Amino acid sequence: ALALAVAMLCGPLTGADVGRALAGLKGGGETYARLGHFYFVLDPDKFAGADAFRVAASAFLEELRNSKAAPGFERVRIPGERAFAQRRRSLEEGVEILEETWRIVERLAKEFDVPFPG
């Protein structure tokens, strides 16, 4: 039901393609689908309030995390949790760059006279 609602909001409501008409996205580049976007923005202060929302949402997420994991899984994870943890690690520890990539960027910096930390 949620997928159908999102498809209707992003497709017919915006004048974009929907369903099989989006097949052009997977084609060989000869045809292009008219892809639509729909942004839904809510202000928690207009409802229960931002603080109340934050408390209730945090409690619910914690309840989900503490749920019994499905067979074959160690724990229940929340969508985006792994990406947020990786971002935190990257900000704290930096991002690993392959030596070959570093050399390419260094060469390009010299070629275009861009200061490069070496």
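Only the coordinates and a few stated rules stand behind these numbers; no lab work does. Because the structure is a prediction, the values reported are computed rather than measured. Counting neighbours? That spans all protein chains shown, and the Cβs are built from the backbone with ideal geometry, glycine included.
Computed quantities for the displayed model
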item	result
Where labels lie 7 Å past Cα in the beta-carbon direction, separation of Ala16 and Arg107 in nm	3.9 nm
Mean ellipticity per residue at 222 nm, deg cm²/dmol - from DSSP H runs of n ≥ 4 across the chain, formula -39500 (n - 2.57)	-13500 deg cm²/dmol
Label selected from [x] 13, 48, 32, 7, 0; [y] 13, 42, 29, 12, 3, 0; [z] 10, 16, 22, 29, 21, 3, the criterion being P(r) over Cα pairs in 10 Å bins from 0, in percent as computed here	[z]
Sequence-separation-based contact order of the chain, relative, with Cα cut under 8 Å and 6+ spacing, percent	11 percent
